[in-house]
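The structure appears right after this line, and notes come after that.
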Amino acid sequence: MTELARDAAAGLDSAGGLGGQAVLDQLIDLLDLEKIEENIFRGVSPAHSPVRVFGGQVAGQALVAAGRTVPEERKVHSLHAYFIRPGDPSIPIVYEVDRIRDGRSFTTRRVVAVQRGKAIFALSASFQKAEPGLEHADEMPDVPAPETLPTYAERIAQLPGTEMLRRPRPIDIRYVNDPPWLTRGKGTTEARNQVWMRADGTLPDEDLLHVCVLTYASDMTLLDSPLARHGVYWELDDVHGASLDHALWFHRPFRADEWFLYDTASPSASGARGLATGRFFAADGTLIATVVQEGLLRVR
């Protein structure tokens with residue numbers, strides 16, 4: 001583990017505010033994996049994380065590991081991942097990369113995240129060289145601009161505190177709709193959630209880093225949509241859950257430190273699982289990515 005990584009792991013827990021450039025810089029450092037050997041990398045977690053590693057963190061770190069074995073001119077266009085076991089934030093995570101295929105147009109990588117000799121996460125990612133082709137995309141929903149919406153800090157000020165909601169976050173989040181912790185207990189509502197997001201500061205001009213930061217952010221608020229449908233929320237109700245699988249498709253270039261809309265919905269919940277889909281739009285309306293996730297949702 002590098003000194004930089006140790007500092008980052010401690011810093012995400014001790015930052016004075018909810019966000020800002022300092023917190024974002026610590027995320028950047030956490031995504032800067034240590035190379036142990038060819039195709040083997042090591043990452044760390046914030047020192048005082050919750051009882052398990054945040055899913056967006058392990059997904060982002062695994063994508064970094066995959067991307068560092070691929071030529072820079074080939075950009076990731078999709079990833080598919082399974083969360084196998086809860087990650088322990090108190091020990092490093094080892095990422096083992098399998099170079100599945102290097103073709104003329106596409107490159108495929110498989111990454112397994114390991115702790116204590118057991119797989120906790122598995123990711124497959126595909127990279128492609130730039131090619132021309134057909135073009136079309138969904139239009140962005142008509143929503144208020146992010147600058148007109150309350151900040152995350154202003155939103156949670158309306159709520160008697162929970163530890164989870166007040167942890168430092170490297171992503172600036174602005175809810176378009178009322179957050180599910182404000183709509184809980186009000187009966188059946190729409191299974192939809194919309195938030196503006198951006199990295200809370202400035203990121204370096206490195207394409208892979210921007211993609212990995214969006215991957216990190218994609219695991220935030222996604223399961224709000226099925227919870228909103230039933231008027232319950234983490235920590236405020238007896239709800240227990242975790243990400244089970246996660247898929248992302250990257251359609252067009254973007255910067256993760258510029259505003260993007262995360263429009264999510266839940267088409268189904270059953271068998272103690274909730275399915276959520278999401279679309280990412282740049283502020284100019286460009287569709288930049290699509291996500292699908294199934295999560296474990298146990299309501300006691």
Of (1) in contact with a Lys or Arg (Cβ under 6 Å, 6 or more places away or on another chain); (2) surrounded by 14 or more Cβ atoms within 10 Å (Cβ to Cβ), Ser105 fails just (2)
Given the conditions (1) outside any helix (DSSP H, G or I); (2) open to solvent by less than 10 Å² (accessible area, probe 1.4 Å), every one holds for Val213 apart from (1)
Of the candidates Leu222, Leu236, Leu248, the one satisfying the condition of being surrounded by fewer than 22 Cβ atoms within 10 Å (Cβ to Cβ) and either outside any loop (DSSP other than H, G, I, E, B) or of a type in the set (A, V, I, L, M) (or both) is Leu236
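Which strands (runs of 3 or more DSSP E) does segment 79-147 wholly contain that include 3 or more residues that are closer than 29 Å to Ile173 by Cα?
Values: elements: 93-102, 106-115, 118-128.
Output list reads 118-128.
Give the number of residues within segment 157-180 that are closer than 23 Å to Arg229 by Cβ and either more than 22 Å from the chain's Cα centre (by Cα) or at pLDDT 80 or above (or both).
10
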TODO: With respect to Leu63, determine if the residue is surrounded by 20 or more Cβ atoms within 10 Å (Cβ to Cβ), on the phi < 0 side of the Ramachandran plot, modelled with pLDDT under 95 and assigned to a helix (DSSP H, G or I).
DONE: no
message = Being open to solvent by less than 40 Å² (accessible area, probe 1.4 Å), closer than 18 Å to Thr215 by Cβ and part of a strand (DSSP E or B) is the requirement here; does Thr69 meet it?
response = no
Residues in segment 264-281 that are part of a strand (DSSP E or B) and open to solvent by 10 Å² or more (accessible area, probe 1.4 Å) total 10
**Asked** Any residue at all in segment 39-53 that is over 22 Å from Leu248 (Cα atoms), at pLDDT 95 or above, hydrophobic (A, V, I, L, M, F, W, C) and surrounded by fewer than 18 Cβ atoms within 10 Å (Cβ to Cβ)?
**Response** yes
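The values are calculated or read from the model by the stated rules, or taken from the named source; none is laboratory data. Note that the structure is a prediction, hence the values are computed from the model and not measured. Please note: Cβ atoms are built from the backbone with ideal geometry, for glycine as well, and neighbour counts cover all protein chains shown. SASA here: full protein model, heavy atoms, side chains in, ligands and nucleic acids out. Shrake-Rupley method; radii C 1.70, N 1.55, O 1.52, S 1.80 Å.
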